[in-house]
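I have placed the structure first, in the form of structure tokens, so that the comments after it can refer back to it.
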Amino acid sequence: MTSCAIPAERKFDSFCEKIMLSLCPTDVTAFSYISADGSNVTYTYTNFNKIHSASQNLPTEVMQMALTKDARAIERYFISAIIPAMEESRKKNAVLALKNIILKDNLIADTTQLGTISSLTKNDLKNKNEFVLSEFLTDTFIYAVAKTDNTTEAAFTKSIKKDFYAIYNQMVDTIKLYEVTKPKSVATIPLTSKGKFDKVFTPISSERLSISASHDLQIFCLKFDDFDFDYHGLWKHLRNNIGYYVYSRAQIKQYMDDDEISALAYDAIAHIKEMIANGKILSGNELGELLLYIFLEQVLNAPKLMSKVEFGNHGGIFTSESAGIHLLTADATVPFNQVVLGTSMINGDLQTVIDLAFADAQKLKYRKKDERRFVESNIFAASFPEKIYEQLESIILPDETSGKKPATAFGMFLGYTLNGVSADGKSIDVYQTDVLDKLKADILNQVSFIESKITQYGLDGYSLYIYLLPFANADEDKKNIIDKLLQSGGGMP
């Protein structure tokens, strides 16, 4: 769209190369391709200028790169590198310009499939006014690179000058754009968890998933104690929050009214031990469920509606597969409310953890109506002070005039064993740096696997909030930490 209509504009466009890098392997800094004879060909500014002036097509090898590379991987690149480089005020102009260029191209039949990610045809595009920005840019880019003849409309191509976007200034209000991002959430009701999250956990890296729904994918690390994770700090944070995890807001208010809030953690620990002994909750995943609660409240800012333990407090009247239910109220481009169904898993192998958690999420999807019965029941109403329940009722059970019910989303806590980092012969600083570098690689390397599980388990289109945390030895640590927390013998050294 900034092609060379006059010699002064006929110059190398570094942004064009930046876009073409989406076809290359990660971390490549100069666009190149493998020719038919196996040699690596670097694409120069001269080549790009010939494309801009419509005097040649891209090489067949480059067209094949666009066809064979995973479209979601290209979209991830657009999300991380291209969209942030675009001026906010010109994003809609760019979409409108691309839309107009396609619709005016008489060589493109109305039935032509334009999208690789979406099922958009040219005919669909005529009346389309809402776009997921990353999807539309990616689909248009792949189509332009792989399926068009750049030389057939040279005059039209040369008419696209650098101020082409300005034509659409008066039309920007006719379309809506959505971007794949973590929603900015607002706690409609008070959060229950206590303490400073950043004194215990450090955010290490976040990645984008190529799905159109809002999401968050982050990896965290516990604070260090020299060559070890600071499990004592984690234990204190869990101890401070266990009462707020176990009990409903109505029960907590009763503790406060009776001036017995100091007994909350003590009673909560005794209550969990009794439930385990009576078989009301299965022992083994208590740590994961408690950490899910903390991450959904303190990272996602989604207040707890009911915890796994609270489900077991009602004598089997209801059964639940969820590790907890939370409410997300998001101040996004289009504000929304979501009931977040939680699943948690701690296991030594990271891919096993991911697979198991997504399998659980699939079960929740199939029985989401049953899970949501909790938030529409009299038991749920009794769990909240009257004023808070009135707030919730207007969101969860709106009348016909005030809006629709909140959508279902899924929250996941994934704990795994850190592998591949040795402390031998290293200083404390070097070892800790190596751990953090490994964690960044861990989450980056799992993006495509996570996306494959989204597809496999039919979770496309749902919002997903996924938080990863490494342990020195996940299977041993989860037992030792919970044993110390529940004062049941053993525990951390």
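Shown in residue order for segment 382-392 are the 3J(HN,Hα) couplings computed by the Karplus curve 6.51 cos²θ - 1.76 cosθ + 1.60 at θ = phi - 60°: 6, 7, 10, x, 4, 5, 5, 5, 4, 4, 5 Hz (x for Gly and Pro).
Ratio of Rg to Rh for segment 104-194: 1.14 [Cα atoms; Kirkwood radius as inverse mean 1/r over pairs]. All alpha carbon pair distances within segment 167-281 were sorted into 5 Å bins beginning at 0; the resulting P(r) in whole percents reads 2, 8, 11, 12, 14, 14, 13, 9, 5, 3, 3, 3, 1, 0, 0.
Taking Lys and Arg as +1 and Asp and Glu as -1, the other residues whose beta-carbon sits under 13 Å from that of GLY243 total +2. Available extension along the chain between LYS126 and VAL28 is 31.6 nm, counting 0.36 nm per residue and deducting the alpha carbon span.
Can you give the local net charge around LEU364? Use residues other than it whose beta-carbon is closer than 12 angstrom to its beta-carbon, Lys and Arg +1, Asp and Glu -1. So the environment of LEU364 carries a net charge of +2. The fewest-to-most ranking of LEU444, LEU468, LEU364 by surrounding Cβ atoms within 10 Å reads LEU444, LEU364, LEU468. Of the trypsin sites (Lys or Arg not before Pro) found in segment 384-493, those in coil by DSSP whose Cβ has at most 10 other Cβ atoms within 10 Å are LYS404.
Roughly what % of DSSP beta bridges within the chain run antiparallel, to the nearest 5? Close to 45 percent.
For a quick check of your reading of the filter: which GluC sites (Glu not before Pro) in segment 222-300 sit in a DSSP loop and have no more than 15 other Cβ atoms within 10 Å? Those that pass, being in a loop and sparsely packed, are GLU260.
Going from the residue with the fewest nearby Cβ atoms within 10 Å to the one with the most, GLU88, GLU310 rank GLU88, GLU310. What's the longest bit of the chain with no exposed chymotrypsin sites (Phe, Trp or Tyr not before Pro), using DSSP loop states and at most 16 other Cβ atoms within 10 Å as the test? That would be 13-226. Calculated on C-alpha atoms, the gyration radius of segment 420-491 divided by its Kirkwood radius gives an Rg/Rh of 1.11.
With the alpha-carbon atoms of segment 197-485 aligned to their principal axes, the span from lowest to highest coordinate is 63, 45, 32 Å, starting with the largest. Take the Cβ atoms of ALA359 and LYS161, set R0 to 41 Å, and the FRET efficiency comes out at 0.15. Per-residue ellipticity at 222 nm computed for the chain from its helices equals -12500 deg cm²/dmol, with DSSP H segments shorter than 4 residues left out and the rest contributing -39,500 (n - 2.57).
Per residue, the convex hull spanned by the Cα atoms of segment 354-473 amounts to 169 cubic angstrom. Panel values: segment 264-312, Kirkwood radius from alpha carbon pairs, Stokes-Einstein at 25 °C and 0.890 mPa s, translational diffusion coefficient 211 µm²/s. Here's the list of aspartates and glutamates a cross-link from LYS363 could span, going by alpha-carbon distance under 13 Å and ignoring same-chain residues fewer than 8 apart: GLU321, ASP355, GLU371. Taken over the chain, the convex hull of the Cα atoms encloses 180 Å³ per residue.
Put simply, the amide H of SER32, placed in the peptide plane, has neighbours under 5 Å in TYR43, leaving out anything fewer than 5 places away on its chain. Near LEU98, once Lys and Arg are set to +1 and Asp and Glu to -1 for all other residues with Cβ below 13 Å from its Cβ, the sum equals +4.
Only the coordinates and a few stated rules stand behind these numbers; no lab work does. All values derive from a computational prediction rather than experimental measurement. No Cβ is skipped: glycine too gets one built from the backbone with ideal geometry, and neighbour counts run over all protein chains shown.
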